[in-house]
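**Q** Got a structure for you, written out below as C-alpha cells; questions coming shortly.
The values are calculated or read from the model by the stated rules, or taken from the named source; none is laboratory data. Quick caveat: nothing in here was measured; it's all calculated off a predicted structure. Backbone-built Cβ (ideal geometry, glycine too); neighbour counts: all protein chains shown. Keep in mind that these areas ignore ligands, DNA and RNA; they rest on the heavy atoms of the full protein, side chains included. Shrake-Rupley method; radii C 1.70, N 1.55, O 1.52, S 1.80 Å.
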Amino acid sequence: MYDHVIWPHQFDPKTSAIYALNDIDVNAPPEVVWKLLVNAENWSSYFPAEDQVKILSGEPELALGTRYSRVTVGFPMHLIVTECVPGRRLSWSTLVDGDVTGSSAFHGWVITPKDDGCHVLSEETQQGPFFLEELGRKNPGALYRYHQEWVETLARAAEAEASKAMD
C-alpha cells in the first residue's frame, strides 16, 4: 500500500470541488526522481508546459518554506512549499495571482521506494470560483490530464537519468 498526501483540513479531497490523483511506477531510484522534482526552475527540461517557474525566496531548489511563482496554462500563480521530506514527500499550496475570489489549490507528491525503483504519486485539490470555472466548467478533466502528462514525463526523465548514471 502506498502513502498518500497529508492534507491540510481545508484541502481534504472529500470536501474539495476538484481533485486529481495520478501515479506511476518509475524504474529509477527515489533520489533521482526527487532531484528532478525539487529543481523547479528546470521542470521544463522534461515537462515543457512548466517553463515559467521562478524561485522567489533565494533557495537553489524547493525546500520547506520556499516561495516560488509559476505560470501554468496561462495563469500566473504564487506558491509556498508546506511539506518537504527529502526523497519522500513534497507539497505546496497555491494562490492564483489577481484572483479576487481567493481560490486556492494544494498539490502533493509522494515517492515510495520499491525494489526496482519507486512509485510516484501526485495528488491535487482545488477550491474556489476561479478553479470551478476554469477547470470544473470550461475544461473538465484537465487537471487529471495535465498531471498525468507530468508524472509520465517525470518518470521518463528519471529513468533516462538513472540509465546515464549506470553507463
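**Q** Which of the residues that make up region 50-75 are touching a Lys or Arg at 6+ places or on another chain (Cβ under 8 Å), aliphatic (A, V, I, L, M) and part of a strand (DSSP E or B)?
**A** Selection gives VAL53, ILE55.
**Q** Out of (1) of a type outside the set (Ser, Thr, Tyr); (2) open to solvent by 60 Å² or more (accessible area, probe 1.4 Å); (3) closer than 19 Å to ALA162 by Cβ; (4) in a loop (DSSP other than H, G, I, E, B), what's the single condition that is false for GLY87?
**A** All conditions are met except number (2).
**Q** Where the second residue is open to solvent by less than 70 Å² (accessible area, probe 1.4 Å) and small (Gly, Ala, Ser) and the first is on the phi < 0 side of the Ramachandran plot and lies in region 58-70, which pairs have Cβ atoms under 7 Å and are six or more apart or on separate chains?
**A** GLU61/ALA40; LEU62/ALA40; THR66/SER57; ARG67/SER57; TYR68/ALA40
**Q** Just checking, which of ALA49, ALA105 is closer than 15 Å to VAL151 by Cα and touching a helix residue (DSSP H, G or I) at 6+ places or on another chain (Cβ under 8 Å)? Give the steps one after another, and end with the answer.
**A** Numbers: ALA105 fails: closer than 15 Å to VAL151 by Cα.
Testing whether each residue is closer than 15 Å to VAL151 by Cα and touching a helix residue (DSSP H, G or I) at 6+ places or on another chain (Cβ under 8 Å) leaves just ALA49.
**Q** Among the listed residues GLY117, GLY102, which satisfies the condition of being at positive phi and touching a residue at least 40 places away in the same chain (Cβ under 8 Å)? Lay out the reasoning, then the answer.
**A** Details: GLY102 fails: touching a residue at least 40 places away in the same chain (Cβ under 8 Å).
Matching residue, one of GLY117, GLY102: GLY117.
**Q** Pick from region 120-130 the residues that are open to solvent by 10 Å² or more (accessible area, probe 1.4 Å) and in contact with a helix residue (DSSP H, G or I) (Cβ under 9 Å, 6 or more places away or on another chain): which of them is farthest from ALA158 (Cα to Cα)? Full working, then the answer.
**A** Pass one, region 120-130, residues open to solvent by 10 Å² or more (accessible area, probe 1.4 Å): 124, 127-130.
From the residues that got through so far, the ones that are in contact with a helix residue (DSSP H, G or I) (Cβ under 9 Å, 6 or more places away or on another chain) too are 124, 127.
On the way: GLU124: 22, GLN127: 31 Å.
Going through the qualifying residues, I end up with GLN127.
**Q** Let me ask you something else. Which residues, counting only those in region 1-36, are of a type in the set (Phe, Trp, Tyr), modelled with pLDDT of 95 or more and assigned to a loop (DSSP other than H, G, I, E, B)?
**A** TRP7
**Q** Of the residues ALA49, ALA40, ALA28, which is closer than 20 Å to ALA160 by Cα, open to solvent by less than 80 Å² (accessible area, probe 1.4 Å) and in contact with a Gly (Cβ under 6 Å, 6 or more places away or on another chain)?
**A** Working: ALA49 fails: in contact with a Gly (Cβ under 6 Å, 6 or more places away or on another chain); ALA40 fails: in contact with a Gly (Cβ under 6 Å, 6 or more places away or on another chain).
So the residue among ALA49, ALA40, ALA28 that is closer than 20 Å to ALA160 by Cα, open to solvent by less than 80 Å² (accessible area, probe 1.4 Å) and in contact with a Gly (Cβ under 6 Å, 6 or more places away or on another chain) is ALA28.
**Q** Can we say LEU135 is in contact with a helix residue (DSSP H, G or I) (Cβ under 6 Å, 6 or more places away or on another chain), modelled with pLDDT under 95 and either crowded, with 16+ Cβ neighbours inside 10 Å or among the aromatic types (Phe, Trp, Tyr) (or both)? Steps first, answer last, please.
**A** Numbers: in contact with a helix residue (DSSP H, G or I) (Cβ under 6 Å, 6 or more places away or on another chain): yes; modelled with pLDDT under 95: yes; either crowded, with 16+ Cβ neighbours inside 10 Å or among the aromatic types (Phe, Trp, Tyr) (or both): yes.
Yes; evaluated as a whole, the condition is true for this residue.
**Q** From VAL110, VAL120, which residue is β-branched (Val, Ile, Thr), touching an Asp or Glu at 6+ places or on another chain (Cβ under 6 Å) and at pLDDT 90 or above?
**A** On the way: VAL120 fails: touching an Asp or Glu at 6+ places or on another chain (Cβ under 6 Å).
Among VAL110, VAL120, only VAL110 is β-branched (Val, Ile, Thr), touching an Asp or Glu at 6+ places or on another chain (Cβ under 6 Å) and at pLDDT 90 or above.
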